[in-house]
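Quick notes on the structure that follows.
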Amino acid sequence: MKYNFHKNRFEEQTIFPYKIAIAGSDIDLTWQGLEEHCNQLQLIFKQLQIPIGHPVVIYGHKEAFFPVAMLACMHANIPYIPIDKIYPLERIKKIIESTGSQIIINCSNQTIDISIPVCINQDLQITTNQKPDYSNATYGNIADPLRYIMFTSGSTGEPKGVLISKSSLLTFVEWALQDFRFSEHDVFMNQAPFTFDVSLCDLLNAFMRGSTLVLTANEIVKNQYLFLQRIKHYQCSVWTSTPSFAFLFLRHPNFNSTYLSHLKSFLFMGEPLPNRTCVLLKKAFEGVTILNAYGPTEATIVTTLIEITDDIIQKYPLLPIGTPMPASQLLIEKNNEQDTEGEIIIVGNHVANGYFKDEELSHKKFISYKATKGFKTGDLGYYQDDLLFCIGRNDDQVKMNGFRIELNEISAQILKHINVDDAICVGLSRNNEVKKIIAFIILKQNEFAAESINEIKTSIEKSLPYYMMPGDFVPVDHFPVGTSHKVDKKVLIAQYLK
Ligand code: AMP
């Protein structure tokens, strides 16, 4: 069995209906079970009269029901908003409030302290607190309905929602079916939270082919021995993650092809892939295929792909991010004619419809190029040997441990504290990777600096996920300013390191 995302239906129902479709952190679900659960959710959606375009929140972590709910929403042309348990309650409430979502599907076995008209739990029980009112909260258009709204870190202090439509998702699906060399026999390891589209990549690849998706909860991931045991148990053949996630396993005695004999491919995305990681992986996993994929959430999962062969590892110390999918065009916008590098602009139908309720930012980042949607990535790149290379950012967005973070979102939260005059967050890098975020803070009153810093920590913890928390909070008297009259972050970091 498999799922056809174009036709929005399950196909080949009589072929391997008892094959595992989803190995969740709680239960395993066969393909037949997936279809049945999906159908049951459809009935509930109909009963609740959810209109096309009204977003439904899916809350949980790695339960089997999470992907069921995602698929059911796609099936019913209802956009979903994935929310992982790692998010603090305040952040979740803000997202629900801003979208006006009336329905939450709670895939976890815990109740959530959120006031929302309707809650559907994993046993398909419905709790109605009040009659849902969809009137002011339907988005997108019927001809090309929204598939999901994915909230990512926002530089203004609030998370921003990326609007992905059906046709954008299908552009990715078509490409993946054609060019990602996976098959129905593959078993996809899935560990990234559903709040990030790295995890959607496994899900789509598995469902479009009729393969198996193995979800692993954070509690298991943290125990490397148990995590690798789970991968071995389910005979995972495709590992998808950020490079930094895989890097953590490189020293583990079981991270090799002797123990994980079914693991044949590593698909990396979300951040730069270090050359050295590939060298070590190729040593540990004989004959393994390493794929490097690049692209922001705003262009539906990933846009470029390249297999990192031994020749490429030898030839390019900075690895290429490859070539774009056929339906996409990647332009380099240079400041001057003589420049070799510039901002990467992605053009294609897979580009998002913009940011949720943020016209100003959408206008700034989303463009129209020859009547096709385009996105200014903020990534700097260049072409060499017909391959694209990405060398960094032109703004304050960083990646730390694979997580996308707008440093200004953290500063904006710190600035809300009554005793803060100014705040700047800077990423501390080693070997071109951000290892730690330092918050430099000018306090209004210095007498109670330690107490203020503690209060700031406690207050921002309520709205920022753990991976955005600064590793250090440093009170300073002033910020050093460079010749361009901007705060000189290099000097701040140099002072910190002293
Ligand atoms: P996200 O929206 O979380 O997927 O993050 C997208 C950003 O991550 C991109 O704009 C790049 O800055 C970075 N990125 C993603 N994939 C790669 C890659 N393969 N190589 C270098 N940077 C990447």
Exercise. Do you know which residues across region 72-94 are crowded, with 21+ Cβ neighbours inside 10 Å and of a type in the set (A, V, I, L, M, F, W, C)?
Worked result: Ala72, Cys73, Met74, Ile78, Ile81, Ile83, Ile92
For this session: Could you check His252 against (1) more than 16 Å from the ligand (Cβ to nearest atom); (2) under 28 Å from Ala21 (Cβ atoms); (3) in a loop (DSSP other than H, G, I, E, B); (4) open to solvent by less than 50 Å² (accessible area, probe 1.4 Å) and say which number it fails?
Result: (2)
Exercise. Considering only region 161-191, how many residues are within 13 Å of the ligand (Cβ to nearest atom) and at pLDDT below 95?
Worked result: 0
For this session: Go through region 469-493 residue by residue and tally those that are touching a residue at least 40 places away in the same chain (Cβ under 8 Å) and in contact with a Gly (Cβ under 7 Å, 6 or more places away or on another chain).
Result: 0
Problem set entry | Pair list, Cβ under 7 Å, 6 or more apart: region 396-419 residue over 20 Å from Arg430 (Cβ atoms), other residue away from the ligand (no atom under 16 Å from the Cβ) and of a type in the set (Lys, Arg) | Asn419/Lys444
Problem set entry | Yes/no for Ile306 being buried (at least 20 other Cβ atoms within 10 Å of the Cβ) and under 20 Å from Leu200 (Cα atoms) | no
Seminar exercise, completed: A careful count of residues in region 320-333 that are open to solvent by 10 Å² or more (accessible area, probe 1.4 Å), in contact with a strand residue (DSSP E or B) (Cβ under 6 Å, 6 or more places away or on another chain) and not in a strand (DSSP E or B) gives 2
Exercise. Which residue pairs have Cβ atoms under 9 Å apart, sit 6 or more places apart or on different chains, and have a first residue in region 335-353 that is farther than 30 Å from Leu146 by Cβ and a second that is among the β-branched types (Val, Ile, Thr) and part of a strand (DSSP E or B)?
Worked result: Asp339/Ile332; Thr340/Ile332; Glu341/Ile332; Glu341/Ile391; Gly342/Ile332
For this session: Tell me the strands (runs of 3 or more DSSP E) entirely within region 412-498 that contain at least 3 residues that are under 20 Å from Gly392 (Cα atoms) and out of contact with any helix residue (DSSP H, G or I) (no Cβ under 6 Å at 6 or more places or on another chain).
Result: 420-430, 433-443
Problem set entry | Qualifying residue in region 419-441 (condition: among the small types (Gly, Ala, Ser) and open to solvent by 30 Å² or more (accessible area, probe 1.4 Å)) | yes
Exercise. When region 238-261 is examined, which residues are found to be hydroxyl-bearing (Ser, Thr, Tyr) and more than 18 Å from Asn275 (Cα to Cα)?
Worked result: Ser257, Thr258, Tyr259, Ser261
Exercise. Just a yes or no: is a residue in region 56-71 open to solvent by less than 40 Å² (accessible area, probe 1.4 Å), more than 15 Å from Gly161 (Cβ to Cβ) and basic (Lys, Arg)?
Worked result: yes
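For (1) closer than 30 Å to Asn353 by Cβ; (2) among the small types (Gly, Ala, Ser), each residue gets a yes or a no:
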{"site": "Ser257", "(1), (2)": "no, yes"}
{"site": "Leu260", "(1), (2)": "no, no"}
{"site": "Lys283", "(1), (2)": "no, no"}
{"site": "Thr289", "(1), (2)": "no, no"}
{"site": "Thr304", "(1), (2)": "yes, no"}
For this session: Name, by its number, the condition in (1) part of a helix (DSSP H, G or I); (2) among the aromatic types (Phe, Trp, Tyr); (3) surrounded by 24 or more Cβ atoms within 10 Å (Cβ to Cβ); (4) within 14 Å of the ligand (Cβ to nearest atom) that does not hold for Phe245.
Result: (3)
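The values are calculated or read from the model by the stated rules, or taken from the named source; none is laboratory data. As the structure is a prediction and not an experimental result, all values here were calculated from the model. In this analysis, Cβ positions are derived from the backbone assuming ideal geometry, glycine residues included, and neighbour counts consider all displayed protein chains. The accessibility values were calculated without ligands, DNA or RNA, using every heavy atom of the protein model including side chains. Shrake-Rupley method; radii C 1.70, N 1.55, O 1.52, S 1.80 Å.
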